[in-house]
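As structure tokens, the structure follows; a few thoughts come after it.
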Amino acid sequence: AQSVTQLGSHVSVSEGALVLLRCNYSSSVPPYLFWYVQYPNQGLQLLLKYTTGATLVKGINGFEAEFKKSETSFHLTKPSAHMSDAAEYFCAVETSGSRLTFGEGTQLTVNP
Amino acid sequence: KAGVTQTPRYLIKTRGQQVTLSCSPISGHRSVSWYQQTPGQGLQFLFEYFSETQRNKGNFPGRFSGRQFSNSRSEMNVSTLELGDSALYLCASSFRGAFYGYTFGSGTRLTVV
């Protein structure tokens with residue numbers, strides 16, 4: 001079954017530093033992959049998605065992710081962290097029939 | 001355009017009762033999915049509806065059910081509530097499915113006491 005693994009349940013960075021959140025997927029075929037962000041007491045907001053085509057995907061708020069088939073990875077990056085980026089981030093893969101399977105989430109802390 | 005609207009935002013119920021949660025998708029979206037989010041189990045898929053038909057169902061007991069109306073609005077029902085049903089229930093809508101991306105609502109926080 002398709003699944004995703006997020007490495008690191010907590011990541012802490014300084015404001016202005018690079019943000020790197022790791023996600024690896026298991027799939028026998030190129031999957032649809034997503035990154036979502038969740039702020040406290042809110043739902044999930046789509047940051048970006050990979051379906052087909054270009055492997056470097058640009059999303060909202062300066063985030064981007066690169067689909068690497070050889071490494072089965074879809075890591076999320078942002079060149080310069082902002083305080084407002086502090087939130088929980090989820091990687092997800094589409095499994096059978098439009099179902100999303102989520103990773104366990106990575107809590108991002110941004111220190112001033 | 002308006003986002004995905006879930007009502008109510010918060011709900012407190014007693015064990016054994018039943019509850020109905022509502023989701024209004026983005027206009028034009030025909031696919032509605034439901035997820036349960038808990039600290040212990042994370043985000044888990046409940047079911048997905050497309051044009052009033054259940055297309056997919058997760059591994060939840062039969063106490064969890066749903067439906068979709070002709071205007072694409074969806075409801076989910078949980079009968080005989082248990083303490084473990086306390087969770088954030090999230091609804092997501094899409095034009096047709098994963099390729100188009102899913103937009104999530106703010107969720108309904110259900111507390112069972």
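The values are calculated or read from the model by the stated rules, or taken from the named source; none is laboratory data. It should be emphasised that the depicted structure is a prediction, and the values quoted were computed from it without experimental measurement. Positions of Cβ are generated from backbone atoms using ideal geometry, with glycine treated the same way; all protein chains shown enter the neighbour counts.
Within the stretch B:22-46, count every residue that is outside any loop (DSSP other than H, G, I, E, B) and within 13 Å of chain A (Cβ to nearest Cβ).
Count: 14.
Taking A:V37 as the residue in question, decide whether it is hydrophobic (A, V, I, L, M, F, W, C), within 13 Å of the chain's Cα centre (by Cα), within 13 Å of another protein chain (Cβ to nearest Cβ) and closer than 15 Å to B:G42 by Cα.
yes
Given the stretch A:1-61, what strands (runs of 3 or more DSSP E) lie entirely inside it while holding 3 or more residues that are farther than 25 Å from B:W34 by Cα?
Of the strands (runs of 3 or more DSSP E) lying wholly inside the stretch A:1-61, those with at least 3 residues that are farther than 25 Å from B:W34 by Cα span A:10-14, A:19-26, A:56-58.
Filter the stretch A:71-112 for residues that are away from chain B (no Cβ under 14 Å) and assigned to a loop (DSSP other than H, G, I, E, B); which is surrounded by the most Cβ atoms within 10 Å (Cβ to Cβ)?
A:A81
Conditions tested, residue by residue: (1) within 20 Å of A:L33 (Cα to Cα); (2) more than 9 Å from chain A (Cβ to nearest Cβ); (3) not in a strand (DSSP E or B).
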| site | (1), (2), (3) |
| --- | --- |
| B:E48 | yes, no, no |
| B:Q54 | no, yes, no |
| B:F60 | no, yes, yes |
| B:G66 | no, yes, no |
| B:S70 | no, yes, yes |
| B:N77 | no, yes, no |
| B:L81 | no, yes, yes |
| B:C91 | yes, no, no |
| B:T111 | no, yes, no |
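Just to be sure I understand the filter: pairs with C-beta atoms under 9 Å, separated by 6 or more residues or on different chains, first member in the stretch A:60-78 and on the phi > 0 side of the Ramachandran plot, second member at pLDDT below 95 and not polar (S, T, N, Q). Which pairs pass?
Going by the 9 Å Cβ cut-off, the qualifying pairs are A:T72/A:Y25.
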